[in-house]
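Everything below concerns the one structure shown next.
The values are calculated or read from the model by the stated rules, or taken from the named source; none is laboratory data. All of these numbers come straight from a predicted model, not from anything done at the bench. Don't worry about glycine lacking a Cβ; one is built from the backbone with ideal geometry, like all the others, and counts go over all protein chains shown. Quick note on the areas: whole protein, heavy atoms, side chains included, nothing else; ligands and nucleic acids left out. Shrake-Rupley method; radii C 1.70, N 1.55, O 1.52, S 1.80 Å.
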Amino acid sequence: MPTPALFQPITVGALTMRNRIVIAPMCQYSAEQGRMTDWHLIHLGHLALSGAGLLTIEASAVTPEGRITFGDVGLYDDATEAAMARVLESVRRHSDMPIAIQLAHAGRKASTDLPWRGGEQIAPDHADGWQTVAPSPAPFAEGENPPHALSVAEIEALVAAFAESARRAARLGIDAVQLHGAHGYLLHQFLSPLSNRRTDDYGGSLDNRMRFPLAVFDAVRAAFPAERPVTMRVSGTDWVEGGWDAEQTVAFARALEARGCAAIHVSSGGLDPRQQIPTGPSYQVPLARAVKQGCGLPVVAVGLITDYEQAEAIVGTGDADMIALARTILYEPRWPWHAAAHLGAHVKAPDQYLRSQPHRFRDLFDA
């Protein structure tokens, strides 16, 4: 029988993945002063044994002020780099799964408490808080401390910060970089007319609103080794009238493609509390399909993908080239094994686990 589409290899840039299953970046809010801890070793370690095609490190801030919470991971100085190196060394000792990293800046959505403590914004004068920044001085939610509107010089400094984090990622041997341009964080804040109210070269027209995110991409692409892919995650829509939408996403994707972007990961929302999201299985797949049809980039679809046949259909019909799992794979860390068994495919498992292969799936694990 032919190999199911979900388990056919794919090459993104010069990186070849065994299958089309991407483990999405998932914030753990468990770092100490931006430094990874033993929790990240456990978390990433067990996901690296899942049989997926790619593992993505959670949103890693390019400056301390770019963290969503005081528990976020960073990659902005020697201490954060060393902590990440320790985790990666241990994970790689037992897994050859390619590892990507998501580089990010939270902008006006930074300086918040941990989600299980409510996730509310923390004031700048609090020990765990700081002054947030954004394209414009409009807060994310009513009653929050307004962000500082970035000057042109500060924008240029952040471009340099993204590039420096990319150089650190390269030293760590990370296989790919994903830039976080989604979920209402800083790059998305510049893209959307709802959050970007600037009147200079970084605001107003679509070209102006794309200027900073594209400058970040160009700087990271130049700083990261040419043979390793740089990709972008976007929100395909704000789900708010007059905001960022699928048409603008396609225009942004085309601009990224012209600059050498290797793939685009299409999510949605996160920018405005007024969003009305029609949540349901595969609810974001139409956004991925629109981008797939509008440009030549490989596309990753995400969002309530839980069923094996559902994932196979997304890739098999060409709606997207890959699917990404987050909460699904936290709940079921061997999801790729079970998907392969269900669809009649093969998957890589560590030698120590080969004896767990069920009798009825004699050829499940690659020899």
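Percent relative contact order of the chain, based on C-alpha pairs within less than 8 angstrom and at least six residues apart?
It rounds to 16 percent for the chain.
Give, in nm to one decimal, the length gained when the segment between Asp96 and His46 is fully stretched (0.36 nm per residue of separation minus the Cα-Cα distance).
Full extension from Asp96 to His46 adds 16.7 nm.
How big is the chain by the Kirkwood estimate over distinct Cα pairs, in Å?
Taking every pair of different Cα atoms in the chain, averaging 1/r and inverting gives 20.7 Å.
Carbon and sulfur: what percent of the range 195-248's accessible surface (1.4 Å probe)?
C and S fraction of accessible area: 46 percent.
In square nanometres, what is the average projected area of the Cα convex hull of the range 247-367?
Convex hull of Cα atoms, orientation-averaged projection: 9.6 nm².
Please calculate how many Å² of accessible area the range 276-367 carries per residue, with a 1.4 Å probe and no DNA, RNA or ligand atoms counted.
Here the residues of the range 276-367 average 52 Å² of exposed surface.
What residues have an amide H closer than 5 Å to that of His148, excluding those fewer than 5 places away on the same chain, when H is modeled at 1.01 Å from N in the peptide plane?
For His148, the qualifying residues are Thr132, Val133, Ala134.
Can you tell me the dipole magnitude for the chain around its Cα centre, using point charges on the Cβ only (Lys, Arg +1; Asp, Glu -1), in Debye to the nearest 20?
Approximately 880 debye in magnitude.
Please report the net charge: other residues with Cβ closer than 9 Å to the Cβ of Ala223, K and R +1, D and E -1.
Charge balance near Ala223 sits at +1.
From the backbone phi of the range 233-241, what are the Karplus-calculated ³J(HN,Hα) couplings (6.51 cos²θ - 1.76 cosθ + 1.60, θ = phi - 60°) in whole Hz, Gly and Pro given as x?
Here the 3J(HN,Hα) series is 9, 10, 8, x, 7, 7, 6, 9, 4 Hz.
Quick check: Cα centre of the range 189-208 to Cα centre of the range 315-335, how many Å?
33 Å
Leaving out ligands and nucleic acids, and using a 1.4 Å probe, what accessible area per residue does the range 28-168 come to in Å²?
Result: 39 Å² per residue.
What is the sum of charges around Asp78, taking Lys and Arg as +1, Asp and Glu as -1, for the other residues whose C-beta is under 14 Å from the C-beta of Asp78?
Neighbour charge sum, excluding Asp78 itself: +2.
Run the quick spin-label model on Gln28 and Ala313: label points 7 Å from Cα toward the beta carbon, then report their separation in nm to one decimal.
3.4 nm
What residue among Leu304, Leu256, Leu75 shows peak mean-square fluctuation when the chain is described by a Gaussian network model with Cα springs under 10 Å?
Leu304
Looking at the chain, what % of its DSSP beta bridges pair antiparallel, to the nearest 5?
Looking only at bridges with both residues in the chain, the antiparallel portion is about 10 percent.
Compactness ratio of the range 121-172: Cα Rg over 2.2 N^0.38 Å, N = residue count?
Against the empirical 2.2 N^0.38 Å value, I get 1.43 for the range 121-172.
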